[in-house]
Amino acid sequence: MVAAFAAYFWFQEKEEEIAVGIFAKETFYADPHSQAHQWVQEHLAENAIQAALVNKISKVPSAIWFGEWNENIASDIESILKNAESQYAMPILVSYNMVNRDCGGYSAGGAENAEAYKQWIDGFSSGLKNHKAVVVLEPDALSDLDCLSEEAKQERLELLRYAVNKMQQRN
């Protein structure tokens with residue numbers, strides 16, 4: 001039993017050491033326009049206790065996802081960055097617009113073709129300018145390679161390279 005507790009505390013210490021990485025001193029952004037925050041505003045009068053609980057959730061920083069639903073990606077990114085900077089916080093942004101996203105599964109969608117994706121990534125990168133942000137680039141693009149033809153795999157890898165290069169060039 002003692003060994004189990006010792007192991008537990010050792011892992012706790014290691015997790016804390018790992019968490020003290022490059023973002024240890026950062027305050028992450030909690031979007032005041034998130035769905036959770038909007039829900040609180042709409043339901044506060046109906047159920048104050050439930051609204052108070054959801055309000056706590058709405059104040060927890062989380063990633064903000066961007067995809068084909070963003071009509072002006074550069075402007076949308078800039079808006080989030082300005083809001084985050086006004087709170088002295090760093091946003092976590094997810095680009096989610098890869099061609100043939102999720103191979104037609106539950107999250108199907110994305111850019112219609114490679115050229116459209118490149119234009120979208122150009123806008124995403126342009127919106128970042130020199131601001132600080134954590135960017136999660138196409139979170140399932142690599143794990144979904146198996147569902148693609150060889151030609152489509154190569155295209156996806158080229159698009160990911162393009163996106164990474166664009167993000168690096170933005171400074």
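The values are calculated or read from the model by the stated rules, or taken from the named source; none is laboratory data. Because the structure is predicted, anything quoted here is derived from the model rather than measured. Quick reminder, even Gly has a Cβ in these numbers, built from the backbone with ideal geometry, and neighbours come from all protein chains shown. Each accessible area value is taken on the protein alone, full model and side chains, heavy atoms only, with ligands, DNA and RNA left out. Shrake-Rupley method; radii C 1.70, N 1.55, O 1.52, S 1.80 Å.
Assorted remarks:
- Selected from 155, 42, 68 as most flexible by GNM, with the chain as the system and alpha-carbon contacts under 10 Å: 42
- Counting 0.36 nm for each residue step from residue 52 to residue 162 and taking away their Cα separation leaves a gain of 35.2 nm.
- Normalised per residue, the accessible area of the chain is 65 Å², obtained with a 1.4 Å probe and no contribution from ligands, DNA or RNA.
- Axis of helix 150-169 versus longest Cα principal axis of the chain: the two differ by about 60°, to the nearest ten degrees.
- Gyration tensor (alpha-carbon) shape descriptor, region 33-135, a/c threshold 1.5: oblate
- Carbon-plus-sulfur accessible fraction, the chain (probe radius 1.4 Å, protein heavy atoms only): 55%.
- Cα long-axis angle, helix 2-19 against the chain (0 to 90 degrees, to the nearest 10): 50
- Between amide H atoms placed 1.01 Å from N, distances below 5 Å from residue 90 occur with 27, 28, 29, all of them 5 or more places distant or on a separate chain.
- Helix 48-58 axis, angle to the chain major axis (alpha carbon atoms, nearest 10°): 50
- Label point of residue 149 set 7 angstrom out along Cα-Cβ; within region 108-127, amide nitrogens under 16 Å from it belong to 113-114.
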